[in-house]
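This report refers to the structure that appears directly beneath it.
Any read-out appearing in this document is the output of simple, stated calculations on the displayed coordinates, not a laboratory observation. If you're wondering where the values come from, they're calculated on a predicted model, not measured in any experiment. Reconstructed Cβ throughout: ideal geometry from the backbone, glycine too, with neighbour counts over all protein chains shown.
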């Protein structure tokens, strides 16, 4: 079972993993708010581009909020003090997925909820979106993202294929801002892999 606790981390000090982790809270009680990505320039889509519905990811409760998740051992999770994402994690991941299709001219992504008709849809089951202190409490953590992507033909309502994706990036320092950078790098890499995979799978489908 994954245990959840609030995280209060002290930078540049020994971290006692048997107690609470610490990344130093600021002098103000107002939390720092972090973006995962800032969007991408959208390429001109082909006239016959297919539409792909990006569904909001399904996530466990511990990853469903705005908290920045840290883990001392991959089992117990805690949250960075006085810091949060700009929106709940499933929304961040949904936006990152949509951004990944921006340069692909053959696919026009649309984000759920929407009343627009789509040719295909993709559903994500988020498994990890956290920074793990896998190399001890005195060393920068490893930011990880892991999810399963399921591609569905919306005309036939049939599942085409499902695949798991993951990526990781070591933070440069034990600081929230550096952990955010590492999480951003890992997420963008995983989403880029996912978009190329989806483009290939959709390209192999018979034209309607």
Completion exercise
The relative contact order of region 112-208, taking Cα pairs under 8 Å that sit 6 or more residues apart, comes to a percentage of 23
Problem - Sequence-separation-based contact order of region 67-140, relative, with Cα cut under 8 Å and 6+ spacing, percent - result: 43
Completion exercise
Residue separation between residue 30 and residue 158 times 0.36 nm, minus their alpha-carbon distance, gives in nm 41.4 nm
Exercise for the section: With a Förster radius of 30 Å, plug the Cβ-Cβ distance of residue 172 and residue 150 into 1/(1 + (r/R0)^6) and report the FRET value to the nearest 0.05. Expected result: 0.30
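Counting other beta carbons within 10 Å of each residue's own, what order do 191, 154 fall into, fewest first?
Working: 191 25, 154 15.
Ascending number of Cβ neighbours within 10 Å: 154, 191.
Most exposed first by the Cβ proxy, i.e. fewest other Cβ within 10 Å, how do 197, 85 rank?
Working: 197 15, 85 20.
By the 10 Å Cβ count, ascending: 197, 85.
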